[in-house]
Amino acid sequence: MAISKLNFNSINVTPSANAAIGFDSGADDLETGSGGGAMKFIKKLTASSSATLSFVDGASSVVLDSTYKEYMFIFNNIHPATNNANFTFNMSIDSGSNYNVEKTTTFFYAYQDEGGTATALQYRTDYDLTGTGFHILAAEIGNGNDECGSGYVHLFNPSSTTFVKHFISRASHYQGSDYMIDNNTAGYGNTTSAVDAVQFKMSSGNIDAGTITLYGIS
Amino acid sequence: MAISKFNYNSFNVTPVAGAALAFDADADGFSTATATSMVLIKTLTASSSATLSFVDGSSDVVLDNTYPVYMFKFINIHPATDGTAFSFQGNSSGGSGYNETITSSVFQAQHNESGSASSLSYVTSMDQANGTSFQQIGLSVGNDNDQSFVGSLFLFNPSSTTFVKHFSATTQEYYSSNYSKRYFTGGYFNTTSAIDEIQFKFASGNIDAGTIKLYGIKDS
């Protein structure tokens, strides 16, 4: 619609700090909006035989601070170089110098094999964590050409200096022995220091391909 | 404040592709704002509908490589028939029929209104092992006036011609026998063909009412 078709009053918008400007529901006036929605793209990293993929606040346009109270990582088509490697993550409180935040986590999954011979809903005590190691988000991703894993991690209020840092993750992946696995993990970084970096890697070998995208949730 | 009060420099905004126009922090000039990453593509509203289908390129639906992740939201899906399963299937690009090969798992948490039964369990009747049936994401939705089904379904990179197509659903139903049931469904379309159509339906009878929304999630 050309601006010339707007009426005089159409552009009489009351300014509001940081508010977006859009057309109203009648598409014949302007109004202030919510700034374009609550889910904001921050950064996409694309693996290419990558040992790690890291999001560090303040580096390479990454925002991972008090700007948002919730962050969401979406990982898509994560393909390992090594068959049945685990996809894992860790947090840092020193801008990525060390990824070793103490964590307490839970891990359970549901699975089904393509032959229909095995199904389960199972807690895995060997995949949960009380320690500083990398936490498993998807256990044993196959490296066949069409095999991969996809899912998300919600990280809540990483900049808090009062509370621990909770996270919730869910991932679906194609296991190397032709199982579909629905991974459900959650936990917290047991620190009151601000978390300002997050790193992803396979338990063995590189991330051959795939993307991880970071969003801020307003 | 009327637009006439803006200064000449108020309009001196550096254009950024895909960005929205916004007021600045002082509300006396313009700046660019980051557009939302979650874009509403299409809303379908059931009205005694046998199926609700999202077909790429039809009726303003986008279901291709425009977005790497898609999300469907189910809002108060109400069946015409009491106690029927709500389900979905895909159709590959150039394919015929909603009959893609699916391997999936389903587990549920449940609690009845009388408080006499609660559990967390795997649901073998709802999963598939390289099956081509519609994938159930609700088992037995009640059709009383106040009963319905809600939830969300992520679909990852449906346009890939390299990988299988993962999906992940979290749904909640008012079970026909007066249970609250939450379902966790994960799986993949076991095909390297692009999936460009998704259809939803009940196993029996129409979708009496309810809304399904399709969103695209940007990664740039």
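The values are calculated or read from the model by the stated rules, or taken from the named source; none is laboratory data. The model shown is predicted, which means the values in this text are computed figures rather than measured ones. Please note: Cβ atoms are built from the backbone with ideal geometry, for glycine as well, and neighbour counts cover all protein chains shown. Calculation scope for accessible area: heavy atoms of the full protein, side chains included, ligands and nucleic acids excluded. Shrake-Rupley method; radii C 1.70, N 1.55, O 1.52, S 1.80 Å.
Of everything in region A:120-139 that is surrounded by fewer than 18 Cβ atoms within 10 Å (Cβ to Cβ) and over 26 Å from residue B:122 (Cβ atoms), the residue that is farthest from the other protein chains (Cβ to nearest Cβ) is A:132.
Checking each residue in region B:184-207 for being more than 11 Å from chain A (Cβ to nearest Cβ) and open to solvent by less than 10 Å² (accessible area, probe 1.4 Å) picks out B:195, B:198, B:200, B:202, B:207. Would you mind finding the one in A:129, A:214, A:155, A:137 that is more than 14 Å from the chain's Cα centre (by Cα) and hydrophobic (A, V, I, L, M, F, W, C)? None of the other options fit; the residue is A:129.
Out of A:212, A:168, one residue alone is part of a strand (DSSP E or B), more than 9 Å from chain B (Cβ to nearest Cβ), open to solvent by 30 Å² or more (accessible area, probe 1.4 Å) and of a type outside the set (Gly, Ala, Ser). It is A:168.
Residues checked against (1) among the hydroxyl-bearing types (Ser, Thr, Tyr); (2) in contact with a Leu (Cβ under 9 Å, 6 or more places away or on another chain):
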{"residue": "A:137", "(1), (2)": "no, no"}
{"residue": "A:152", "(1), (2)": "yes, no"}
{"residue": "A:172", "(1), (2)": "yes, no"}
{"residue": "A:210", "(1), (2)": "no, yes"}
{"residue": "A:213", "(1), (2)": "yes, yes"}
{"residue": "A:217", "(1), (2)": "no, no"}
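In the set B:75, B:137, B:102, which member is within 15 Å of residue B:184 (Cβ to Cβ) and either among the hydrophobic types (A, V, I, L, M, F, W, C) or within 14 Å of chain A (Cβ to nearest Cβ) (or both)? Exactly one of B:75, B:137, B:102 is within 15 Å of residue B:184 (Cβ to Cβ) and either among the hydrophobic types (A, V, I, L, M, F, W, C) or within 14 Å of chain A (Cβ to nearest Cβ) (or both), namely B:137. Look at (1) surrounded by 22 or more Cβ atoms within 10 Å (Cβ to Cβ); (2) touching a Ser or Thr at 6+ places or on another chain (Cβ under 7 Å) and you find that residue A:161 fails only one, number (1). Among residues that are at the interface with another protein chain (Cβ under 10 Å from one of its Cβ atoms), more than 19 Å from the chain's Cα centre (by Cα) and under 20 Å from residue B:165 (Cβ atoms), residue A:182 is not included.
Checking the stated criteria, residue B:175 turns out not to satisfy the condition of being in contact (Cβ under 8 Å) with a residue 40 or more places away in the chain and within 14 Å of another protein chain (Cβ to nearest Cβ).
Of all residues in region A:56-75, those that are open to solvent by less than 10 Å² (accessible area, probe 1.4 Å) and touching a Gly at 6+ places or on another chain (Cβ under 7 Å) total 2. Restricting region B:41-62 to residues that are part of a strand (DSSP E or B) and more than 26 Å from residue B:147 (Cα to Cα), which is farthest from the other protein chains (Cβ to nearest Cβ)? Going through the qualifying residues, I end up with B:55. Only residues that are open to solvent by 40 Å² or more (accessible area, probe 1.4 Å) and at the interface with chain B (Cβ under 7 Å from one of its Cβ atoms) were counted across region A:147-158, and they come to 0.
The number of residues in region B:42-62 being among the hydrophobic types (A, V, I, L, M, F, W, C), in contact with a Gly (Cβ under 8 Å, 6 or more places away or on another chain) and open to solvent by 30 Å² or more (accessible area, probe 1.4 Å) comes to 1. Considering (1) polar (S, T, N, Q); (2) within 20 Å of residue A:174 (Cα to Cα); (3) in a strand (DSSP E or B), the lone condition that residue B:162 does not fulfil carries the number (3). Only one entry in B:148, B:160 is surrounded by 19 or more Cβ atoms within 10 Å (Cβ to Cβ), at the interface with chain A (Cβ under 10 Å from one of its Cβ atoms) and farther than 18 Å from residue A:181 by Cβ, namely B:160. Taking region B:63-136 as the region of interest, the strands (runs of 3 or more DSSP E) fully inside it that hold 3 or more residues being in contact (Cβ under 8 Å) with a residue 24 or more places away in the chain and open to solvent by 10 Å² or more (accessible area, probe 1.4 Å) are B:69-79, B:102-112, B:128-131. With (1) free of Cβ contacts under 8 Å to residues at least 60 places away in the same chain; (2) within 11 Å of chain B (Cβ to nearest Cβ); (3) polar (S, T, N, Q) as the list, and residue A:77 as the residue in question, which single condition is left unmet? Residue A:77 satisfies all of (1) free of Cβ contacts under 8 Å to residues at least 60 places away in the same chain; (2) within 11 Å of chain B (Cβ to nearest Cβ); (3) polar (S, T, N, Q) except (1). The condition of being open to solvent by 50 Å² or more (accessible area, probe 1.4 Å) and more than 9 Å from chain B (Cβ to nearest Cβ) holds for only one of A:83, A:90, that being A:83. In the condition set (1) surrounded by fewer than 15 Cβ atoms within 10 Å (Cβ to Cβ); (2) more than 14 Å from every other protein chain (Cβ to nearest Cβ), residue A:117 is compliant with all but (2).
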